[in-house]
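Derivation of every value follows stated rules applied to the coordinates shown; laboratory data play no part. All of these numbers come straight from a predicted model, not from anything done at the bench. So basically every Cβ, Gly included, is an ideal-geometry build from the backbone, and we count neighbours across all protein chains shown.
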Amino acid sequence: LTLGRRSGDLAGRRVIVTAGGTQEPIDPVRYVGNHSSGKMGYAIATEARDRGADVVLVTGPVSLPAPYGVDLIRVETASQMRDAVMATVHDADALVMSAAVADFRPAHPSPQKIKKHAGEHLAITPPGQQGQATPDADTSGGGFSIHLVRNPDILAELASLQAAQPRSNAGEQPRPRRLVRVGFAAETENVISNARDKLVRKRLDLLVANDVMRSDSGFGADTNKVYFFHADGSMEDLPVMPKAGVAAAIWDRVISLLA
Ligand code: CTP
Ligand code: CA
C-alpha cells in the first residue's frame, strides 16, 4: 500500500511496531493470554504513519480496526510474532515492541478440545506424558496442569544479533543500518528498578515503563502514565497523557536517536 510521497519527520524511515498480546494455544478453543488491548501499539503505529514513516504493524489478536496506510501482519503466538519481526527487521530503522508477548506457551497443545471428564480427556492426552495437559492426581474433583515452556525473547534475540554484528570502520563496507530498539515494561511493583534492569538486560535504546496497577494507565485504558528510561541511565517521568500523546513522545525520542 503506497500513500505517495510522505512528509513529516519520519519520512523515509521504516519502522516496525508490535501491538496487542500473544495467544498461546492450550487446545483448539483455549489459549494462555493477557489483558493487552493493543491501544498503545496502534497509537504508536498511527503516529508513525502520520509523521511519514513506512510502518509495519505486527499485531496480536485485538478488537481494534486496522489503521489505514500501515502494513498489517496479524499473528497469534509469540513464535509467529518473532518470525514476523525477524522477516521485516533487516531494513528497519526502529522497532517498538509494545506487544505483551507471552513468556511461556503450553509445550504440547492438545489437537482436540480438552474435555472436563477425565475419561474423555485421557483418551486425547494420556497422563504422564510430559508436556501434555494432564489430570492433576492431587486435585480431587478433577484439576489438571499444563506444562509451559519458555517462548523466544524477541528483543533479547535482536540485542545479541546487533552485538554480534562487526562494527565497520570508515572506508570499509557500509555499516548495516542501526536499529533503534524500544521496549515496554508493564509492571505491577518496583516499576523503576524492574525497568532499569530490563533496559540493561535487553540493551535497549529506550524503555517505556508503566504501572499497570493504576486505573489511568496500562491495559485497556485510553491514557497512560509512563516513565522513559534511556540508555545513558537518565529517566523521564511523564504526566498522564492520552496514548496518542505518549506515542508522539516516543517518536520524538526515537527521532533524536536516529539523527
Ligand atoms: N518481549 C519480547 N519477547 C518476549 C517477551 C517480551 O520481545 N518473549 C519484549 C516486550 O515486548 C517488551 C519487553 O520485551 O517490549 C519487556 O517485556 P517484559 O514482559 O516487561 O519483560 P520480560 O523480559 O519478559 O520480563 P518479565 O515478564 O519477567 O517482567
Ligand atoms: Ca514478560
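Shape class for region 182-224: oblate, because the ratio a/c of the largest to smallest gyration tensor axis (alpha-carbon atoms, square roots of eigenvalues) is 1.5 or more and b/c is at least a/b. Distance between the modelled labels on Q80 and K116, one decimal in nanometres: 2.8 nm (7 Å Cα→Cβ projection). Coupling constants for region 99-112 follow from the phi torsions by the Karplus curve (6.51 cos²θ - 1.76 cosθ + 1.60, θ = phi - 60°), and in residue order they are 5, 8, 8, 5, 6, 10, 9, x, 4, 9, x, 6, x, 10 Hz; glycine and proline get x.
Placing pseudo-labels 7 Å out from each Cα toward the beta carbon at A259 and D91 gives an inter-label distance of 2.7 nm. Karplus-derived 3J(HN,Hα) values for region 63-68, using 6.51 cos²θ - 1.76 cosθ + 1.60 with θ = phi - 60°, are 9, 9, x, 5, x, 5 Hz; glycine and proline are entered as x. Residue by residue, region 80-92 carries 3J(HN,Hα) couplings of 5, 5, 4, 4, 5, 5, 5, 6, 10, 7, 4, 10, 8 Hz when phi is fed to the Karplus relation 6.51 cos²θ - 1.76 cosθ + 1.60 (θ = phi - 60°); x denotes Gly or Pro.
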